[in-house]
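Okay, so here's the structure we're looking at.
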Amino acid sequence: MSKLRQWGNQLYAWLDQRVDLQSFKALARKKEVPVHRHTIWYYLGGMTLFLFVVQITTGILLLFYYRPTAEEAFESVQFLMAEVQFGWLVRSIHSWSANLMIFTLFIHLFSVLLMKAYRPPRELTWFTGVGLLGLALAFGFTGYLLPWNELAYFATRVGTEILGVVPLAGDFLLRVARGGTDVTGATLTRFYAIHVAVLPASALVLLGLHLYLVQKLGMSVPPGIERHGGGGRTMPFVPNFLLRDLVGWLTALAILAALAAYLPAELGEKADPFAPAPAGIKPEWYFMFMFQTLKYLPAHILGLEGEMVGIMAFGLAGVFLLLVPILDRRTARGEPSKLFTWITIAVVVYILVLTYLGYTANPTS
Ligand code: HEM
């Protein structure tokens with residue numbers, strides 16, 4: 001044991017001479033997390049990060065067996081589920097963790113909005129966050145098609161059709177997304193390249209920036225708490241906050257394992273482009289509110305195609321979300337900003353109601 005400790009100390013001294021480990025230690029010792037009644041929300045970013053790491057790890061394992069062609073994709077996933085030791089577990093965890101990650105990401109986003117953590121000097125943290133949200137949704141959309149099953153095939157047809165409605169660039173966007181005029185093996189190969197190379201590389205860059213900024217600027221205290229003289233108390237990040245983070249991650253892992261074991265990812269039938277579209281095509285739950293909104297729109301609004309107006313409205317909402325730190329002038333000046341709090345609450349209620357309607361109003365259409 002003492003020999004082991006001696007080796008450990010020697011290794012530490014060796015590395016310290018070369019990469020100055022002391023400075024990392026000093027950095028870790030300096031990092032503090034504010035303690036107040038909303039501290040719990042600070043765990044959501046770390047939880048999202050943990051699930052992202054699960055995605056990268058299980059995704060790499062899936063790559064050992066997956067084949068990105070229309071002829072072999074479905075069969076390779078079938079083989080993975082039935083024949084490969086623990087293949088079903090890895091795929092099921094990848095699928096559940098993707099959903100859980102988007103869920104925690106949404107909570108992280110809305111808690112950051114309500115705590116006004118986007119106010120100066122954290123605008124860049126916010127911008128990189130919105131970029132990560134876009135990437136996470138793109139991960140979900142491209143990953144859905146990869147097993148090349150019936151439901152995914154037709155959902156992708158509908159999803160990419162929506163791109164075609166975009167004014168002026170619609171036709172071009174549709175062809176770029178599909179790699180042709182229809183969803184074919186070319187679309188699959190394209191989605192695969194985006195899912196396993198373009199998105200992970202972009203996410204790592206944006207995530208690196210996001211975490212660097214969080215580290216550089218420290219955690220913010222919500223303005224409401226600051227105004228009432230709170231937020232002065234802190235706890236050390238290492239070990240107090242990190243150990244609490246770890247408890248959360250282990251709990252998430254246990255939930256993932258239970259979900260994967262009891263509700264393994266399904267595969268269904270192989271996609272057949274010539275078969276009629278099956279009933280009940282629906283997007284992933286996080287796209288449901290948009291899908292349902294488009295269904296409710298009349299065919300024409302002010303002489304324009306209803307769907308086109310809907311898509312443009314969602315596009316504008318995305319730009320609005322990105323620009324929140326610039327548009328919310330009152331918060332930037334340190335004044336209370338009820339308007340943005342109410343907009344956030346209205347958006348959350350809208351998303352919840354439309355998602356609920358999406359699953360209940362027309363369950364088979
Ligand atoms: C893959 C996606 C993301 C990951 C892994 C991630 C990770 C993190 C982590 C670990 C923190 C520090 C702890 C915390 O506040 O929870 C953080 C803070 C922050 N995140 Fe994210 N985040 C992601 C997406 C987003 C999104 C979508 C937004 C908003 C558009 C956002 C905005 C922020 C802001 C403003 C902070 C600073 C909070 C403060 O100082 O109080 N992040 N993020």
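Table for the structure above
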item	result
Residues that are within 6 Å of the ligand (Cβ to nearest atom) and open to solvent by 30 Å² or more (accessible area, probe 1.4 Å), drawn from region 99-111	HIS108
Total residues in region 296-314, condition in contact (Cβ under 8 Å) with a residue 60 or more places away in the chain and of a type outside the set (A, V, I, L, M)	2
Total residues in region 327-365, condition exposed (fewer than 12 other Cβ atoms within 10 Å of the Cβ) and more than 17 Å from PRO222 (Cβ to Cβ)	8
Any hit, region 250-261, residues being surrounded by 12 or more Cβ atoms within 10 Å (Cβ to Cβ) and closer than 30 Å to LEU27 by Cβ	yes
Flag if PHE320 is part of a helix (DSSP H, G or I), out of contact with any strand residue (DSSP E or B) (no Cβ under 6 Å at 6 or more places or on another chain) and in contact (Cβ under 8 Å) with a residue 12 or more places away in the chain	no
Matching entry among LEU267, LEU259, LEU339 (being among the aliphatic types (A, V, I, L, M) and more than 30 Å from LEU80 (Cβ to Cβ))	LEU339
Cross-chain or 6+ apart pairs with Cβ under 7 Å, region 214-232 first and aliphatic (A, V, I, L, M), then assigned to a loop (DSSP other than H, G, I, E, B) and modelled with pLDDT under 90	VAL221/GLY231; ILE225/GLY231
Helices (runs of 4 or more DSSP H) completely within region 1-98 that count 1 or more residues being over 28 Å from PHE237 (Cβ atoms), away from the ligand (no atom under 15 Å from the Cβ) and free of Cβ contacts under 8 Å to residues at least 60 places away in the same chain	2-19, 43-63, 73-82
Odd one out for PHE52, checked against (1) modelled with pLDDT under 95; (2) open to solvent by less than 40 Å² (accessible area, probe 1.4 Å)	(1)
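The values are calculated or read from the model by the stated rules, or taken from the named source; none is laboratory data. Everything quoted here is computed from the prediction, not taken from an experiment. Glycine gets a Cβ as well: all are built from the backbone with ideal geometry, and neighbour counts include every protein chain shown. Side chains are part of the model used for accessible areas, which takes the heavy atoms of the whole protein and leaves out ligands, DNA and RNA. Shrake-Rupley method; radii C 1.70, N 1.55, O 1.52, S 1.80 Å.
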